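Worksheet for the structure shown next.
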Amino acid sequence: MRNDETRLPEWLMNATLSTGAKLTYAALAAAAAGQQTACLGQARLASLVSASVRSVQRHLAELAGQGLISVSKNAGSGLSWHVYTLNRLEEGAGC
């Protein structure tokens, strides 16, 4: 697998989640680049998954409701972004 590819774990593919939530989780995992956290704004995340910001907010709420992510807001220097913690990583993945 190339470094710019993210493998979707089987548990995610089989999870009872909307397709948008699965794609959003995959985008967060790609942004996290093998770590447990990803830091980006919702507009950037929406751009990555080709969805509206409101749709991404619904997907994030779905993921958080299932306990798959935790979300905190980070603001500084006039900029605001979110920190997403992936609570379930692929088996064998480390931080």
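Only the coordinates and a few stated rules stand behind these numbers; no lab work does. Keep in mind that this is a model prediction, so the values were computed, not measured. All Cβ positions, even for glycine, are placed from backbone atoms using ideal geometry, and neighbour counts span all protein chains on display.
Details
- Distance between the modelled labels on Q35 and A61, one decimal in nanometres: 2.9 nm (7 Å Cα→Cβ projection).
- Residues K73, K22, ranked from the fewest to the most other C-beta atoms within 10 Å, line up as K73, K22.
- For the peptides 38-50, 8-20, the ranking by packing is 38-50, 8-20, with the highest mean count of neighbouring Cβ atoms within 10 Å listed first.
- All Cα-Cα distances of region 10-86, cut into 5 Å bins from zero to the largest, leave 3, 16, 29, 28, 16, 5, 1, 1, 0 percent in each bin in turn.
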